[in-house]
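Below is one structure, written out as structure tokens; the observations come after it.
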Amino acid sequence: MAKENIEIHETAFMTSTFRSMDESLSQDNFARLWQNPKTGKWVDKYLDQVSSEESYTHCLRNRYFLKVIRNLVQRQEIQVLINFGSGFSMYPFLLNESLIHIEIDKPEIVDFKKDKIQNWQKENILPKRNIHFIGVDFSKNYEEELLSKINAIKVNMSSFILVEGVLFFLNRKETDNLFTFFNAIQQNGDYIGSASFQETIKETQAFKNLLSFMNQNVSKTSESACQTVEDNYYRCQKNYKLIDHQDYFSLSKKYGNKVRQAKELILNENFYLLKKI
Ligand SMILES: C[S@@+](CC[C@H](N)C(=O)[O-])C[C@H]1O[C@@H](n2cnc3c(N)ncnc32)[C@H](O)[C@@H]1O
């Protein structure tokens, strides 16, 4: 029976599939490379049982962070993109080749991604990029080793840290550890982009659907999973200033996306941009 379940890392396949469902909205024409029949079945079930708006919410999340990072690269404000819980996102291939990428996720995910990407590059399906893959579990003691690996790549270059679709799966202590770690590796002028749900989402039908879907289909769902994060968590990050805050509805306006369902039936994710000062 466990074989039929979705493992946490498999949610990364689902995210990529959602992104591929409206490429003009997500601006990601490589996400479709991760499509596979097993994920396709889960995605259909999820759209039906949780929220049919989910493909658009994921497309807009990608669009927002892509735009933000692209602008900062153009303004020469960042040289390294460090993606925590990077899953199968394809930012390296959607951004200028000058950017250096550090992709961090569970070892099985980064190994699998690295292998696939190398093959697609050999076949000229993907362009060459400067990507470093690091396997880490955020629930373990990772700090010391990860710090030295990141420092060896980044030296003192400016960075953008991205953490999207991940905090939901972590508990508060793991999240606090991550943000302390971000502060340790970044310099003034560096950025963090983060995505998370707010507590109020728990009252919506869409969230109730999500919990029931997860309880039925996702392995190892604990009480500590499904974390929500309030605005204040970001506002109160020591050494950081919250410089932008968006959600699905504001991004829909910004990028001309038609909101199809009632609010109650949408998993409204919030997107934050922080700058180290
Ligand atoms: C929903 S996916 C999002 C992937 C990617 N950020 C994106 O937006 O396309 C969640 C990712 O978080 C990673 N993740 C969850 N818990 C983790 C942990 N404890 N340590 C490392 N990675 C974790 C999973 O392996 C998965 O790749």
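The values are calculated or read from the model by the stated rules, or taken from the named source; none is laboratory data. Bear in mind that the values here come from a model prediction, so they are computed numbers and not experimental data. Here Cβ is always computed from backbone atoms with ideal geometry, including for glycine, and neighbour counts include all displayed protein chains.
Observations on the structure shown:
- Total residues in the range 152-165, condition within 14 Å of LEU274 (Cα to Cα) and within 15 Å of the ligand (Cβ to nearest atom): 5
- Test: residue in the range 166-176 that is surrounded by fewer than 19 Cβ atoms within 10 Å (Cβ to Cβ), within 17 Å of the chain's Cα centre (by Cα), within 16 Å of the ligand (Cβ to nearest atom) and in a loop (DSSP other than H, G, I, E, B): yes
- Of all residues making up the range 12-38, the number that are buried (at least 21 other Cβ atoms within 10 Å of the Cβ), without any contact (Cβ under 8 Å) to a residue 40 or more places away in the chain and out of contact with any Lys or Arg (no Cβ under 6 Å at 6 or more places or on another chain): 2
- Taken residue by residue, the range 79-87 has no member that is modelled with pLDDT of 95 or more and farther than 22 Å from PHE179 by Cβ.
- Any pair with Cβ under 6 angstrom, 6 or more apart, that starts in the range 253-274 at a residue that is under 22 Å from TYR234 (Cβ atoms) and ends at one that is loosely packed, with under 13 Cβ neighbours inside 10 Å and β-branched (Val, Ile, Thr): LEU273/ILE243
- Taking every residue in the range 146-169 that is on the phi > 0 side of the Ramachandran plot and pairing it with any residue that is within 12 Å of the ligand (Cβ to nearest atom) and hydroxyl-bearing (Ser, Thr, Tyr), at least 6 positions away or on another chain, the pairs with Cβ-Cβ distances below 6 Å are GLY165/THR15.
- Of all positions in the range 5-23, none carries a residue that is on the phi < 0 side of the Ramachandran plot, touching a Leu at 6+ places or on another chain (Cβ under 7 Å) and assigned to a loop (DSSP other than H, G, I, E, B).
- Evaluating LYS254 against the criteria (1) in contact with an Asp or Glu (Cβ under 7 Å, 6 or more places away or on another chain); (2) more than 27 Å from LYS106 (Cβ to Cβ) leaves one unmet condition, (1).
- Residue in the range 75-85 that is under 28 Å from PHE207 (Cβ atoms), within 18 Å of the chain's Cα centre (by Cα) and surrounded by fewer than 22 Cβ atoms within 10 Å (Cβ to Cβ) present: no
- Being away from the ligand (no atom under 14 Å from the Cβ), of a type in the set (S, T, N, Q), surrounded by fewer than 19 Cβ atoms within 10 Å (Cβ to Cβ) and closer than 13 Å to ILE161 by Cβ is not true of ASN188.
- Residue check, ILE131 away from the ligand (no atom under 16 Å from the Cβ) and closer than 20 Å to PRO92 by Cβ: no
- Pairs with Cβ under 8 Å, 6+ apart, first in the range 69-80 and within 19 Å of ASN188 (Cβ to Cβ), second of a type in the set (Asp, Glu): ILE78/ASP190
- Among residues of the range 116-137, those that are more than 22 Å from the chain's Cα centre (by Cα) and free of Cβ contacts under 8 Å to residues at least 12 places away in the same chain, counted: 5
- Only one entry of VAL136, VAL110, VAL50 meets the criterion of being closer than 20 Å to GLN186 by Cβ, surrounded by 16 or more Cβ atoms within 10 Å (Cβ to Cβ) and either at pLDDT 95 or above or not aliphatic (A, V, I, L, M) (or both), and that entry is VAL136.
- Reported count of residues in the range 39-51, each being touching a residue at least 40 places away in the same chain (Cβ under 8 Å), within 15 Å of the ligand (Cβ to nearest atom) and out of contact with any Leu (no Cβ under 7 Å at 6 or more places or on another chain), is 2.
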